[in-house]
Amino acid sequence: MKFCKLLGFCYLIWGCCLLLVGQQNKLATKSVNLKNPEFVKIPAGWFTMGHDQRAPDQKPSHRVYLEAFEIGRFEVTNQEYYQFWQANKSHTPQDFPHNIGNWPERALEYPNQPVVGVSWVDAESFANWVGGRLPTEAEWEKAAAGPVDRLWPWGNNPTTKGPIFALANSWNGNDQYDNGLAPVGSYPQGKSYYGALDMAGNVWEWTSDWYSEIYYAYSPTHNPTGPKKGSWRVIRGGGWIDNINRCTTTMRLHLYPKLKLSFVGFRVLRPLSPNSTTETEK
Ligand SMILES: [Ca+2]
Ligand SMILES: [Ca+2]
């Protein structure tokens with residue numbers, strides 16, 4: 001009888017192992033080439049940063065020149081981060097058992113959702129791992145607003161003519177993803193001037209800058225990289241927990257870099273050669 005129980009227990013363990021291997025294989029078959037993720041190109045040139053009619057830390061609006069770069073068309077996904085995490089287990093995302101789910105189970109179940117629950121160091125480490133870095137605030141804002149100074153990536157009205165659900169995953173109702181994350185790229189009509197998606201809503205995105213509420217008063221005109229030191233890092237773009245009016249291209253929030261929250265992710269930037277096309281100044 002004891003032998004039968006022991007045999008049953010062994011089968012149970014073996015079954016669990018098969019299930020685990022099966023799940024990992026399921027993810028592996030969906031893997032992408034992380035050394036060549038999808039980017040959009042942002043030519044060198046000027047744009048207007050900040051907004052004189054918004055919060056004090058967005059003032060004054062000022063002209064900024066940036067060298068050419070390319071930035072992720074999408075927020076970094078669970079599927080992409082999972083591959084990094086397998087090689088770098090010290091960068092484990094936070095668990096959110098009551099809504100978003102635990103890691104790594106949620107990477108298997110929702111491979112195309114943006115990764116969340118990652119600290120600033122986790123995000124920068126991932127970006128370095130794929131040959132890039134986090135965008136500066138200026139780079140992020142130009143990729144979102146374009147050279148045409150849009151307050152939302154698609155234009156200057158939060159809803160244009162259609163319903164909100166066509167443009168961004170915010171807290172506002174009727175956008176198909178209430179109180180949670182949407183797979184990246186779910187709102188193609190909400191793309192930016194340069195073709196980047198989800199720059200409004202879904203998840204807030206880490207940038208490389210330290211936060212200062214008065215930085216715009218003295219920031220350099222060319223390739224600003226933020227204050228030299230600080231306590232908080234800047235996040236941009238608003239998330240699924242925000243009203244659409246907070247998901248603007250100029251909105252600035254700041255977080256302690258060690259925080260791992262359910263509404264904060266990131267996207268990756270790579271510099272381009274100085275010989276890339278220069279945009280015509282408006
Ligand atoms: Ca929503
Ligand atoms: Ca976003």
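Observations on the model:
Conditions tested, residue by residue: (1) part of a loop (DSSP other than H, G, I, E, B); (2) farther than 28 Å from residue 49 by Cα; (3) without any contact (Cβ under 8 Å) to a residue 24 or more places away in the chain.
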| site | (1), (2), (3) |
| --- | --- |
| 89 | yes, yes, yes |
| 93 | yes, yes, no |
| 111 | yes, yes, no |
| 142 | no, no, no |
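- Within the range 128-140, the residues that satisfy the criterion of being in a helix (DSSP H, G or I) and in contact with a Ser or Thr (Cβ under 6 Å, 6 or more places away or on another chain) are 137, 140.
- Matching entry among 178, 149, 122 (being charged (D, E, K, R) and under 17 Å from residue 248 (Cβ atoms)): 149
- Exactly one residue out of 170, 192, 219 is in a loop (DSSP other than H, G, I, E, B) and closer than 22 Å to residue 59 by Cβ, and it is 219.
- Checklist (1) farther than 30 Å from residue 100 by Cα; (2) within 16 Å of ligand 2 (Cβ to nearest atom); (3) surrounded by fewer than 19 Cβ atoms within 10 Å (Cβ to Cβ) applied to residue 193, failing item: (3)
- Taking the range 174-233 as the range and being in contact with a helix residue (DSSP H, G or I) (Cβ under 8 Å, 6 or more places away or on another chain) and of a type in the set (A, V, I, L, M) as the test, the residues that pass are 196, 197, 199, 200, 214.
- Being surrounded by 24 or more Cβ atoms within 10 Å (Cβ to Cβ) and within 18 Å of residue 263 (Cα to Cα) is true of residue 123.
- Residue within the range 157-174 that is away from ligand 1 (no atom under 16 Å from the Cβ) and among the aromatic types (Phe, Trp, Tyr) present: no
- Of all residue pairs spaced 6 or more apart or on separate chains, those with beta-carbon atoms under 9 Å, a first member in the range 230-246 that is closer than 17 Å to residue 117 by Cβ and among the small types (Gly, Ala, Ser) and a second member that is in a helix (DSSP H, G or I) and within 16 Å of ligand 1 (Cβ to nearest atom) are 239/246.
- The sole residue among 237, 201 that is more than 11 Å from ligand 1 (Cβ to nearest atom), on the phi > 0 side of the Ramachandran plot and surrounded by 24 or more Cβ atoms within 10 Å (Cβ to Cβ) is 237.
- Of all residues in the range 175-191, those being near ligand 1 (Cβ under 9 Å from one of its atoms) and either over 15 Å from the mean Cα position of the chain (by Cα) or farther than 9 Å from residue 113 by Cα (or both) number 6.
- Each residue in the range 178-190 was checked for being within 13 Å of ligand 2 (Cβ to nearest atom) and over 26 Å from residue 258 (Cβ atoms), and 6 of them qualify.
Bear in mind these aren't lab numbers, they're just calculated from the coordinates by the rules spelled out. Please read all numbers here as calculations on a predicted model, not as lab measurements. Counting neighbours? That spans all protein chains shown, and the Cβs are built from the backbone with ideal geometry, glycine included.
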